[in-house]
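S.K.: Let me give you the structure first, and then I'll get to my questions.
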Amino acid sequence: MTTHPSDDRPIGMFDSGFGGLTVARAFIDLLPDEDLVYVGDTGRYPYGPRSLGEVAGYAHEIARYLVDVHRVKLLVVACNTAAAAALGSLRDELDVPVMGVIDPGVRSLVRATETGRVGVIGTVGTVGSGAYQRAVAASGTPVELTVAACPGFVEFVEGGETGSDQVHVLAERLLAPIVEAKVDALLLGCTHYPYLARTITDVVGRDVVLVSSADETAFEALALFREEAEAPGGVALAPAAVGRVGTHRFVSSGDVERFRDLGARLLGPELAAAERAPWSR
Ligand code: DGL
């Protein structure tokens with residue numbers, strides 16, 4: 001009988017706040033044996049309007065904390081803005097594999113379209129960075145891409161307000177270029193946006209397939225563990241021992257009680273407690 005190596009160290013994941021919980025949900029469901037440590041940097045959110053340099057600084061600080069304190073074996077940047085700002089430099093600096101959400105999202109997007117007219121929405125930082133435009137071009141799929149920044153969406157999610165009239169009015173204004181371009185697939189290029197899926201669908205119409213990078217990113221991690229894909233940086237990665245039950249820890253740099261309460265509403269019962277991040281003010 002062949003025995004495969006196993007590694008029970010946790011997976012580390014972070015976002016500016018609650019958005020990355022969409023990615024955490026997919027990881028918990030698809031990789032139930034794995035431990036997870038999630039950081040929501042709610043004390044410094046939103047990342048979207050900040051300069052890419054500032055966001056990169058935060059991303060490196062959180063990554064070092066996850067690697068040095070929690071000894072994570074894989075880092076998932078569950079935030080498009082942070083991935084646009086720092087994925088490359090994190091891969092250069094860290095000696096664990098680092099995954100982002102941009103390439104997995106683009107792979108789903110180009111698979112989902114039939115007409116070849118696709119859209120991506122994200123924060124001002126992500127859209128302005130050109131990361132999606134480059135990733136779509138690098139996919140080699142000849143699609144017509146329309147991108148739109150949606151300032152304000154993240155603030156509604158962080159406020160726990162996902163279906164109000166106000167968010168609907170804002171969505172109608174911000175999504176007008178997407179509706180006009182008649183896309184048939186729209187990538188939610190910010191991990192907060194799946195929480196606004198109902199409002200977004202009401203505005204763009206039910207014929208438009210909404211693509212979220214959460215599932216695709218979790219499937220990519222599964223492929224890494226099964227050695228079906230090469231880990232970024234070529235660093236070896238092993239899954240947790242078969243049959244164990246993963247534990248889930250949540251860390252917030254803002255109000256931890258609010259993180260626990262709203263987080264549990266958004267993610268589910270796994271978020272029963274939250275801890276304070278060491279850099280919290
Ligand atoms: N959820 C993050 C993203 O995917 C960013 C939200 C923000 O802090 O602006 O871009």
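S.K.: Considering only the stretch 110-140, how many residues are aliphatic (A, V, I, L, M) and away from the ligand (no atom under 15 Å from the Cβ)?
M.R.: 6
S.K.: Something else: What number of residues within the stretch 226-262 satisfy the criterion of being assigned to a loop (DSSP other than H, G, I, E, B) and of a type outside the set (A, V, I, L, M)?
M.R.: 12
S.K.: Would you check which residues across the stretch 119-135 are surrounded by fewer than 22 Cβ atoms within 10 Å (Cβ to Cβ) and part of a loop (DSSP other than H, G, I, E, B) and list them?
M.R.: Gly130
S.K.: How many residues are without any contact (Cβ under 8 Å) to a residue 40 or more places away in the chain and either under 21 Å from Ala131 (Cβ atoms) or touching a Phe, Trp or Tyr at 6+ places or on another chain (Cβ under 7 Å) (or both) when one looks only at the stretch 68-93?
M.R.: Looking only at that region, the number is 7.
S.K.: Every residue in the stretch 246-263 that is under 17 Å from Ala26 (Cβ atoms) and of a type in the set (Gly, Ala, Ser), please.
M.R.: Once the filter is applied, which keeps residues that are under 17 Å from Ala26 (Cβ atoms) and of a type in the set (Gly, Ala, Ser), the stretch 246-263 yields Gly246, Gly263.
S.K.: Which residues, counting only those in the stretch 64-89, are more than 15 Å from the ligand (Cβ to nearest atom) and not hydroxyl-bearing (Ser, Thr, Tyr)?
M.R.: Within the stretch 64-89, Arg64, Leu66, Val67, Asp68, Val69, His70, Arg71, Val72, Lys73, Leu74, Leu75, Gly88 qualify.
S.K.: Now for a separate question. Could you say whether any residue in the stretch 263-279 is crowded, with 22+ Cβ neighbours inside 10 Å and not in a loop (DSSP other than H, G, I, E, B)?
M.R.: Yes, the stretch 263-279 contains at least one residue that is crowded, with 22+ Cβ neighbours inside 10 Å and not in a loop (DSSP other than H, G, I, E, B).
S.K.: Is it fair to say Ser213 is surrounded by 14 or more Cβ atoms within 10 Å (Cβ to Cβ), within 16 Å of Gly20 (Cα to Cα), touching a helix residue (DSSP H, G or I) at 6+ places or on another chain (Cβ under 6 Å) and of a type in the set (S, T, N, Q)?
M.R.: yes
No value in this document is a laboratory result; all are computed from the given coordinates. Note that the coordinates shown come from a computational prediction; the quantities given were computed from them, not determined experimentally. Reconstructed Cβ throughout: ideal geometry from the backbone, glycine too, with neighbour counts over all protein chains shown.
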